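Below is one structure, written out as structure tokens; the observations come after it.
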Amino acid sequence: MVNDTEYIKQAEATRVRVLSEALPYIQQFAGRTVVVKYGGAAMKDSELKDTVIRDIVFLSCVGLRPIVVHGGGPEINSWLDKLGIEAQFKNGLRVTDAPTMDVVEMVLVGRVNKEIVALINQAGGKAVGLCGKDGNLIKARPQGQEGIGFVGDVSSIDVTILNTLVENGYIPVVSSVAADETGQSYNINADTVAGEIAAALNAEKLILLTDTRGILENYKDPSTLIPKLDIQEARDLIGTGVVAGGMIPKVNCCVRSLAQGVKAAHILDGRIPHSLLLEIFTDVGIGTMLVGSHFTP
Ligand SMILES: Nc1ncnc2c1ncn2[C@@H]1O[C@H](COP(=O)(O)OP(=O)(O)OP(=O)(O)O)[C@@H](O)[C@H]1O
Ligand SMILES: [Mg+2]
């Protein structure tokens with residue numbers, strides 16, 4: 001039987017251990033860029049949203065350079081519904097005709113982006129909201145799939161604006177809308193944008209927060225989590241259809257960013273409170289970690 005004094009001692013020891021366990025990670029990652037894609041699906045619960053926001057401010061306060069890229073699928077769907085426009089998807093990408101593009105831009109850039117910016121600022125961070133158009137961050141080109149509308153891919157990227165912001169202590173918050181050479185807006189999958197930004201900045205980590213535990217062998221059974229896999233294994237999972245729907249752009253962008261020098265890519269469950277801190281600052285690995293090859297550390 002543990003008496004009160006013993007219990008308090010144990011609780012204090014745990015707290016101290018967690019804090020002290022974080023030190024080597026804080027030292028290792030100081031000054032390094034971490035690109036966090038915050039998925040629409042993990043943004044629904046307001047309490048959870050607060051913990052994600054606090055974690056991002058925490059990263060910035062201990063010397064990392066977080067960059068947030070956000071989705072907003074559920075909010076776009078709810079506005080499309082209000083306006084009587086049907087939401088459609090093909091291979092995990094939103095079919096984006098001209099009226100849908102208007103709604104995507106208004107909701108992502110006007111509402112979701114500014115809400116995240118305001119929350120980070122309330123939590124004591126200094127956030128600046130951007131989309132691909134700001135500072136010519138991203139130039140878009142059509143993604144090319146038949147009948148998908150204004151779905152874009154990243155044609156080129158200029159990270160000058162992001163460097164200017166992070167060097168001055170700001171936390172950039174990026175919406176995945178960008179224009180082509182003619183000024184036409186395109187809806188780019190936010191995972192893709194996060195992956196390209198991570199690659200262009202040679203980020204330490206790309207972290208995709210979503211609403212499942214990670215990549216699952218059977219997506220209906222959380223106990224089938226795949227904790228670690230390399231580029232080839234990830235490609236195979238798409239080929240065999242284990243990875244489907246919204247998980248396809250995630251795995252593709254992780255693979256691309258790893259091939260371009262990002263050290264590690266993680267698909268994490270945004271429903272677990274403080275999953276970001278757990279993954280970055282503790283010895284407990286959660287979710288799925290993708291690496292270039294199992295043979296390199
Ligand atoms: N093998 C798999 N393991 C886990 N999830 C999978 C798998 N295959 C498909 N999925 C689906 O992928 C979904 C995650 O992608 P989704 O695009 O819905 O979320 P998000 O990217 O976080 O949100 P948003 O696109 O709005 O930013 C999961 O909810 C799951 O239904
Ligand atoms: Mg998605």
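The values are calculated or read from the model by the stated rules, or taken from the named source; none is laboratory data. Predicted, not measured: the structure shown is a model, and the values here were computed from it. Don't worry about glycine lacking a Cβ; one is built from the backbone with ideal geometry, like all the others, and counts go over all protein chains shown. For the accessible areas, the whole protein counts, side chains as well, though only heavy atoms, and no ligand, DNA or RNA atoms are used. Shrake-Rupley method; radii C 1.70, N 1.55, O 1.52, S 1.80 Å.
Computed quantities for the displayed model
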quantity	calculated
With eigenvalues of the C-alpha gyration tensor scaled by 5 and rooted, region 63-202, Å	25, 18, 11
Given the chain, longest segment not containing exposed loop GluC sites (Glu not before Pro) (DSSP; at most 16 other Cβ within 10 Å)	1-85
Between region 152-182 and region 107-130, the alpha-carbon center distance in angstrom	15
Solvent-accessible area per residue, Å², over region 176-263 with all protein chains present [probe radius 1.4 Å]	41
Compactness index (Cα Rg / 2.2 N^0.38 Å), the chain	1.01
Spin-label pair Ala87/Arg271, simplified geometry with 7 Å Cα→Cβ offset, distance in nm	1.7
For the chain, share of DSSP beta bridges that run antiparallel, in % to the nearest 5	30
Accessible carbon and sulfur surface of the chain relative to its total accessible area, %, 1.4 Å	53
Set of lysines near Lys250 by C-alpha distance (under 27 Å), chain-local residues within fewer than 8 positions excluded	Lys37, Lys44, Lys49, Lys90, Lys114, Lys133, Lys139, Lys205, Lys220, Lys228, Lys263
Rounded to the nearest 20 debye, dipole of the chain from Cβ charges on Lys, Arg, Asp, Glu	340
Nearest-0.05 FRET efficiency for Gln145 and Ser293, computed from C-beta distance (R0 41 Å)	0.85
Cα-based Rg and Dmax for region 162-297, where Dmax is the largest Cα-Cα distance (Å)	15.5, 48
Share antiparallel - DSSP beta bridges, region 54-169, percent rounded to 5	90
Region 215-271 and region 16-94: distance between their alpha carbon centers, rounded to Å	17
Inter-probe distance in nm under a simple model that places probes 7 Å from Cα toward Cβ, at Arg32 and Asp180	3.8
